[in-house]
Amino acid sequence: MYFWSAYIHILMAMFWIGGMLFTAAVLVPVSRDKMFEHRRGYLFKKAGTIFSRISWVIFLLMIVTGVTMLLGMGYGMDDLMSSHFWGSAYGSALMGKLHIFSLVLILSGIHDFWLGPKAAELMDHEPDSTLTRRFRKASSWVGRINLLLGLIILYYAIVLVRG
């Protein structure tokens, strides 16, 4: 159980972080091409909707596989309710990872269900407005912060495995 849970957990993390890196390194530069000048918002809306749906499934799978990894390592509910567990080096690292992941869920919700869609809509309808620039900037920054948080989660994951 542990092996397959860890395999799926790592695969999902790779897909999620890789998707954010792809967006920053490929999709954003491509969107600046002249051919997308009046359809930039549509491009981001389509790509963002697909990636958002996949990301929320990934988040669910990561929660399930995270729990099954703990069970596979021999931890039970008694351990998770123990201050001794959370005070240990492993428990502290896990707590850090879970706090950052919670923040990712909150920021992803804000980005995926409000900032991103609003920015994409405004990009095609009011491309030069101040409101469009604000939403684009806010959406971009939330995406960057989520990528950074994902990399911090990766650090905690390595600490959990390698100590």
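Can you sort Asp79, Asp33 from fewest to most other Cβ atoms within 10 Å of each residue's own Cβ?
With the sparsest Cβ surroundings first, the list reads Asp33, Asp79.
In the chain, how many lysine pairs have Cα atoms under 19 Å apart, counting only pairs 8 or more places apart or on different chains?
Taking the Cα cut-off of 19 Å, the pair count is 7.
Quick one: check the C-alpha center-to-center distance for region 55-85 versus region 123-163, whole angstrom.
26 Å
Assuming 0.36 nm per residue, please report the length gained on full extension of the stretch Phe85 to Ala25 beyond their Cα-Cα distance.
17.6 nm
In nm, what is the difference between 0.36 nm times the number of residues separating Ser129 and Leu148 and their Cα-Cα distance?
Length difference between fully extended and current span is 4.0 nm.
For the chain, find the longest principal axis of its Cα atoms and tell me its angle to the long axis of helix 89-110, 0 to 90°, nearest 10.
20 degrees
Quick one, which of (i) 18.6, 59; (ii) 15.4, 48; (iii) 17.4, 55 is the actual Rg and Dmax of the Cα atoms in Å calculated for this model?
(i)
What is the gain in length, in nm to one decimal, between Asp78 and Glu37 on full extension, counting 0.36 nm per residue of separation less the C-alpha to C-alpha distance?
That works out to 9.0 nm of additional length.
In whole Hz, what ³J(HN,Hα) sequence does region 24-34 give by Karplus (6.51, -1.76, 1.60; θ = phi - 60°), x for Gly and Pro?
5, 8, 10, 5, 4, x, 5, 5, 7, 4, 4
Ranking request for peptides 43-52, 112-121, 3-12: highest mean number of other beta-carbon atoms within 10 Å first, then the rest in descending order.
Highest to lowest by the protection proxy: 112-121, 43-52, 3-12.
We did not get these values from a lab; they are worked out from the coordinates using the rules stated. What you are looking at is a predicted structure, and each value in this text was computed from that prediction instead of being measured. Note that each Cβ is placed from the backbone with ideal geometry, even for glycine, and that neighbours are counted across all protein chains shown.
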